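Reading through the structure tokens given below for one structure.
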Amino acid sequence: MSFRAALFAAASLSVLAGAARAEDTPQTRPSDPATQLDEVIVTADPLGRSKDDVISNVAVVGGDELVHRRQATLGETLSGVPGVNADTFGGGASRPVIRGQTAPRVKVMNDGAGIIDASEISPDHAVSGEMLLVEGVEILRGPSALIYGGGAIGGAVNLIDKKIPTAVPRDGGEGAAEVRLGTADDERAGVIGMTVGAGGLALRLEASTRRADDYRVPFYTPPAHEDHDHDEEASEGFDRLAGSFSSAQSATIGASWIGSRGYFGAAYTEQHGRYGLPGHSHEYEGCHLHGLSLHCGEHGHDDEDDDHDHDHDHEEGEAPVVDLVSRRLDVRGEWRDPVAGIERIRFRGGHTDYAHDEIEHGAVATTFANEGSDARIEIQHAPIAGLRGVFGVQTSDSDFIAGLPGQDEQFIPQSRTRNTAVFLVEEKRMGDWRVEGALRQEWQKAKAVGRPDVEHNPFSASLAVTWDFAPGYAASISAARSQRAPHVQELYADGVHLATNTYELGAADLSEETVQSVELGLRKTQGPLTAAFSLYRYAYDGYIYAETLDQYEDFRLIRYAQADATFTGIEGEVRYAFRPDLSATVFGDRVHASLDGGGPLPRIPAARLGLRVDGYRGPWSGNVEYVRVFDQDRIADFETATPGYNTLNATAAFDFEAGGMSSQVFVRGTNLLDETALNHASFISTLAPLRGRNIVVGLRTRF
């Protein structure tokens, strides 16, 4: 099914839908820290169940929690949720890391439709989308992410927004505005969004702006490579991370036609961003291959002499800059009770034209571009013999360019990827037992200029069972066999990739990556003591990884290869409410990942253990949070161990009414101990410490 055909289908549904108001669904956590969360609806779940009714592991971040903790990037915003980290790359780019996995095994979506950008290719590429405009984030792990395809084999992140209205405001209009200031990077940010409407029509307008300078870090001495004379730089340390600045501006206009049995709407969003790349070096850009060996500079790296001139970027004193623009059209619709036997039909679609230039010394060094579409239709049938289920079709198309002829990086030839999939989810309740099964079949074709076309047909299946063995208690087990088709980078790469200091070689003969997973879960949702734990194991057959073939100093020749691998881990939290207005939560996670018989996998996040105390009294609310991040010395070849560190965070907020509007002023401090924090999940962990002590002051008003 083409994207245009899907859009036509959605438009047809909208014409047939009836006329009255659609109901809003709660999508965010309540602001009251003591309120139970079991009624939070998971919009990424095709059956529209509450958070605690979904058998697999789902986390929801929204409401005041999201307002207080959000950062400029998605990965940093979510880092700290049990099982979720970030592969940070300065202040402008970070992707979510779920249970030790990141892109292309973690899929980021916008209300169920895939986000099209360049973030799957490299850690220095930001996930497009403005966090200031996000109303909530859903994090799906395990079988719950299966229906979103092989790109979600490690998990899925769904961003919830209001860009397409689903209801007409009761008083004809509603909105929110927020301003915030930060100390560590001189952050200045503001956002406003409002919805107006009458009859069956609603209009949405949004705009945001954000600017931050290089952020401050505790005094830190970067490690000196044993083969380089870095003594002068190392002795200086630094308290501002050069190249960690960022800025962005976004605007959206959306409209919906809303009826008694559904809605149909569209929105256009344009985002412009600019951010620096700390630690980005061109000292190895002249390296090339002699067979399967590296040749760098005027000599081979195994020669006796050492007259190679590295031409370090830090000596030139200017960090590279990413200048991006993303233009996106979203179309969404829902039709309830269209015909007998069908309860609901939902459509989600998006088309994105994304591009960014990497600028060095005022000139464009490399251009990345991705134009693509993603469309998804879900059909929910009426119960059949106690079975509730959804059948769906999804299609995506991506045209990708990584570097133009003559530019510094052109390590992936111009390529195109098409993917079509069908999926089915069914659920049956039998007293205290619930059983859920899901199937997904994909057909993917990839081609690149001058390279062989390849096809893959990944198939995935899962089965999950939960037992409500006592009031408020549930135990679950889920098992899945999931497959992922290789990414174009893994198939076709051939060239220098400066962000990761590698020369990459793809392999067009890679087969589907297959994982067999099992997860045990335990939840307690009632009473003063609540808890949620997950224990999981992922056994990969044909895990695609970067095999190092040769090395010269810090530069490696890697080729994408396949081997068996195993991921095991645990994550969870326990919360106790001492009284309705005071509670404490202990949380933590740990993941262990290795190639079978081949040692640890790289950039696996360190284990964490934390304690948070939440409270409120009248208009006041707040929390204090302490997190211990442990040493990570279980490392892969060519990796550097990272020491543990302590993080102390605190938030205070005051709610008030003024001028007929509900407002909140808040103060949040992060890394209050001002400790040096090296993120092991980052490609530049030892070059780019995390932000030092930071105080953010904000004001949010709803009208």
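The values are calculated or read from the model by the stated rules, or taken from the named source; none is laboratory data. Here the structure is a predicted model, which means the values were calculated and not measured. Cβ sites come from the backbone with ideal geometry, for glycine too, and all protein chains shown count toward neighbours. Ligands, DNA and RNA are excluded from the accessible area calculation, which covers all protein heavy atoms including side chains. Shrake-Rupley method; radii C 1.70, N 1.55, O 1.52, S 1.80 Å.
Suppose we filter Glu547, Glu553 for residues that are surrounded by fewer than 20 Cβ atoms within 10 Å (Cβ to Cβ), modelled with pLDDT under 95, charged (D, E, K, R) and touching a Lys or Arg at 6+ places or on another chain (Cβ under 8 Å); which single one remains?
The unique qualifying residue is Glu547.
In this structure, does Phe666 turn out to be modelled with pLDDT of 95 or more and open to solvent by less than 20 Å² (accessible area, probe 1.4 Å)?
Here the answer is yes, as Phe666 does meet what is asked.
Which number in (1) surrounded by 17 or more Cβ atoms within 10 Å (Cβ to Cβ); (2) without any contact (Cβ under 8 Å) to a residue 40 or more places away in the chain; (3) in contact with a Gly (Cβ under 8 Å, 6 or more places away or on another chain); (4) closer than 23 Å to Asn679 by Cα marks the one condition that Tyr645 misses?
For Tyr645, the exception is condition (3).
Among the residues that make up segment 483-497, is at least one of them within 23 Å of the chain's Cα centre (by Cα), open to solvent by less than 20 Å² (accessible area, probe 1.4 Å) and at pLDDT below 95?
Yes: segment 483-497 contains one or more residues that are within 23 Å of the chain's Cα centre (by Cα), open to solvent by less than 20 Å² (accessible area, probe 1.4 Å) and at pLDDT below 95.
If you check Arg210 against the conditions, is it surrounded by fewer than 23 Cβ atoms within 10 Å (Cβ to Cβ), assigned to a strand (DSSP E or B) and in contact with a helix residue (DSSP H, G or I) (Cβ under 7 Å, 6 or more places away or on another chain)?
Values: surrounded by fewer than 23 Cβ atoms within 10 Å (Cβ to Cβ): yes; assigned to a strand (DSSP E or B): yes; in contact with a helix residue (DSSP H, G or I) (Cβ under 7 Å, 6 or more places away or on another chain): yes.
Here the answer is yes, as Arg210 does meet what is asked.
Which of the residues spanning segment 28-55 are small (Gly, Ala, Ser) and either modelled with pLDDT under 80 or open to solvent by less than 20 Å² (accessible area, probe 1.4 Å) (or both)?
Ser31, Ala34, Ala44, Ser50
Considering only segment 399-414, state which residues are part of a strand (DSSP E or B) and surrounded by fewer than 21 Cβ atoms within 10 Å (Cβ to Cβ). Walk me through it before giving the result.
Looking only at segment 399-414, we keep the residues that are part of a strand (DSSP E or B), and these are 399-402, 412-414.
Listed by number, the residues that qualify are Asp399, Ile401, Pro413, Gln414.
Is it the case that some residue within segment 522-541 is assigned to a strand (DSSP E or B), surrounded by fewer than 20 Cβ atoms within 10 Å (Cβ to Cβ), charged (D, E, K, R) and free of Cβ contacts under 8 Å to residues at least 40 places away in the same chain? Walk me through how you get there before you give the answer.
Residues of segment 522-541 assigned to a strand (DSSP E or B): 522-524, 529-541.
Next, from what is left, pick out any that are surrounded by fewer than 20 Cβ atoms within 10 Å (Cβ to Cβ): 522, 524, 529, 531, 533, 535, 537, 539, 541.
Now narrow it down to the ones that are charged (D, E, K, R): 524, 537, 541.
Among the residues that remain, those that are also free of Cβ contacts under 8 Å to residues at least 40 places away in the same chain are: 537, 541.
Yes: segment 522-541 contains one or more residues that are assigned to a strand (DSSP E or B), surrounded by fewer than 20 Cβ atoms within 10 Å (Cβ to Cβ), charged (D, E, K, R) and free of Cβ contacts under 8 Å to residues at least 40 places away in the same chain.
Residues being closer than 13 Å to Gly142 by Cα, in contact with a His (Cβ under 9 Å, 6 or more places away or on another chain) and of a type in the set (Ser, Thr, Tyr): count how many of those fall in segment 532-572.
1
Could you tell me whether Arg388 is more than 19 Å from Gly151 (Cα to Cα) and either among the hydroxyl-bearing types (Ser, Thr, Tyr) or in a strand (DSSP E or B) (or both)? Explain how you work it out, then say what you get.
Details: more than 19 Å from Gly151 (Cα to Cα): yes; either among the hydroxyl-bearing types (Ser, Thr, Tyr) or in a strand (DSSP E or B) (or both): yes.
When the stated conditions are applied, Arg388 passes them.
Would you pick out the residues in segment 95-121 that are of a type outside the set (Val, Ile, Thr), without any contact (Cβ under 8 Å) to a residue 60 or more places away in the chain and out of contact with any Lys or Arg (no Cβ under 7 Å at 6 or more places or on another chain)?
Arg95, Lys107
Among the residues that make up segment 466-475, is at least one of them in contact (Cβ under 8 Å) with a residue 12 or more places away in the chain, surrounded by fewer than 18 Cβ atoms within 10 Å (Cβ to Cβ), among the hydroxyl-bearing types (Ser, Thr, Tyr) and not in a helix (DSSP H, G or I)?
yes
Please go through segment 122-140 and pick out each residue that is open to solvent by 10 Å² or more (accessible area, probe 1.4 Å) and under 27 Å from Tyr540 (Cα atoms).
Val127
Output the residue which, of all residues in segment 586-619 that are in contact with a Leu (Cβ under 7 Å, 6 or more places away or on another chain) and in a strand (DSSP E or B), is surrounded by the most Cβ atoms within 10 Å (Cβ to Cβ). Working first, answer last.
Initial filter on segment 586-619 (in contact with a Leu (Cβ under 7 Å, 6 or more places away or on another chain)): 586, 588, 593-595, 601, 615.
Checking the rest, the ones that are also in a strand (DSSP E or B) come to 586, 588, 593-595, 615.
Working: Val586: 14, Gly588: 19, Ala593: 23, Ser594: 17, Leu595: 17, Gly615: 17.
Among those residues, the one meeting the criterion is Ala593.
What single numbered condition from (1) of a type in the set (A, V, I, L, M); (2) buried (at least 20 other Cβ atoms within 10 Å of the Cβ); (3) touching a Ser or Thr at 6+ places or on another chain (Cβ under 9 Å) fails to hold for Ala355?
If we test Ala355 against (1) of a type in the set (A, V, I, L, M); (2) buried (at least 20 other Cβ atoms within 10 Å of the Cβ); (3) touching a Ser or Thr at 6+ places or on another chain (Cβ under 9 Å), just (2) comes out false.
Going through segment 449-469 one residue at a time, which ones are under 23 Å from Ser56 (Cα atoms) and in contact with an Asp or Glu (Cβ under 9 Å, 6 or more places away or on another chain)?
Matches in segment 449-469: Pro458, Phe459, Ser460, Ser462, Leu463, Ala464, Val465, Thr466, Trp467, Asp468, Phe469.
Of all the residues that make up segment 440-452, how many are part of a strand (DSSP E or B) and open to solvent by 80 Å² or more (accessible area, probe 1.4 Å)?
3
Return the residues of segment 361-384 that are open to solvent by 30 Å² or more (accessible area, probe 1.4 Å) and either without any contact (Cβ under 8 Å) to a residue 24 or more places away in the chain or among the acidic types (Asp, Glu) (or both); say none if nothing qualifies.
Across segment 361-384, the qualifying residues are Gly362, Ala363, Glu371, Pro383, Ile384.
Mind checking which residues of segment 149-196 are in contact with a Gly (Cβ under 8 Å, 6 or more places away or on another chain) and assigned to a helix (DSSP H, G or I)?
Matches in segment 149-196: Gly151 only.
Mind listing whichever residues of segment 623-638 are modelled with pLDDT of 90 or more and either open to solvent by 40 Å² or more (accessible area, probe 1.4 Å) or under 30 Å from Ala577 (Cβ atoms) (or both)?
Asn623, Val624, Glu625, Tyr626, Val627, Arg628, Val629, Phe630, Asp631, Asp633, Arg634, Ile635
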